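What follows is a short report on a single structure.
The values are calculated or read from the model by the stated rules, or taken from the named source; none is laboratory data. A quick note: this is a predicted structure, and the numbers were derived from the prediction, not measured. Positions of Cβ are backbone-derived with ideal geometry, glycine not excepted, and every protein chain shown enters the neighbour counts. SASA here: full protein model, heavy atoms, side chains in, ligands and nucleic acids out. Shrake-Rupley method; radii C 1.70, N 1.55, O 1.52, S 1.80 Å.
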Amino acid sequence: MRSALIVYGGWDGHDPEECATIYRRWLHEDGYSVRTATETGAFADPSIHDLSLIVPIYTMSKIAKEEVENLTKAVANGVGLAGHHGGMSDAFRDSVDYQFMVGGQWVAHPGNIIDYTVDVAKSDDPIMEGIKSFPYTSEQYYMHVDPSNEVLATTTFTGEHAYWIDGVVMPVVWKRRHGKGKVFHMTLGHRAKEFENPNMATIMRRGMNWAARDE
């Protein structure tokens, strides 16, 4: 049986506990054994090297050196990593090792909650199968991203809220490798209620299963 660890906490504005509940239900339904933790100390546990998947939901906060070293080593050795929005890509801002693994870091969301479009960049990828470009209402994340990411979906900034970024095409969904591990990230999902969007939920659930190490 595949096994997963969800580590949630940090800034409450991203509904970490509610999101963890959604992930836990999905993973159980998809045949995983699942455990959860609410402290970053879970990342330092040697047993994470035996997992199929780790899901961080931990906006901002701090991660200790021994925690990030063990986490990045586990992923480099084959454990999958998957997550969404600031719970994964605005976590542990002072840890470049963590950011290197994730493949991106949030830096702005001009206009805060706005209407924008998510455009499918790779319709032939199994994660995006059957999904067309769709409207979305949330924070439109402006990211600093790794050029080695395989981008599956993007969004285009209009410049309405920051004129100098008019026309910038920004990754929204990507997958990548970190050593032997597979990493999946989606920048959608400011609040847990956004998981009610079927396109968003489908992409995230498929991405999680893609990232998980095969048993």
Scattering from the C-alpha atoms of region 109-194 alone, worked out with Debye: what is log10 I(q)/I(0) at q = 0.11 1/Å?
-0.31
Tell me the per residue accessible area of region 77-121 using a 1.4 Å probe; a whole number in Å² is fine.
34 Å²
Can you tell me what share of the DSSP beta bridges in region 13-150 is antiparallel? A percent to the nearest 5 is fine.
75 percent
In region 123-188, what percent of the accessible surface is made up of carbon and sulfur (1.4 Å probe, ligands and nucleic acids excluded)?
52 percent
How far is helix 198-211 tilted off the main Cα axis of the chain, in degrees rounded to 10, range 0 to 90?
40 degrees
Placing +1 at every Lys and Arg Cβ and -1 at every Asp and Glu Cβ, with all other atoms neutral, what dipole size does the chain have around its Cα centre, in debye to the nearest 20?
460 debye
Quick calc, region 71-193, dipole around Cα centre from Cβ unit charges on Lys, Arg (+) and Asp, Glu (-), nearest 20 debye, gives 520 debye
Which whole-number value in Å³ per residue fits the convex hull of the alpha carbons of region 1-126?
133 Å³
For region 34-84, the spread of Cα positions along each principal axis, largest first, Å
25, 22, 17
Which GluC sites (Glu not before Pro) from region 1-70 combine a DSSP loop assignment with at most 15 other Cβ atoms within 10 Å?
39
Taking only DSSP H segments of four or more residues, each worth -39500 (n - 2.57), what value at 222 nm results for the chain once the sum is divided by all its residues, to the nearest 500 deg cm²/dmol?
-7000 deg cm²/dmol
Convex hull of the chain built on C-alpha atoms - directionally averaged projected area, nm²:
10.6 nm²
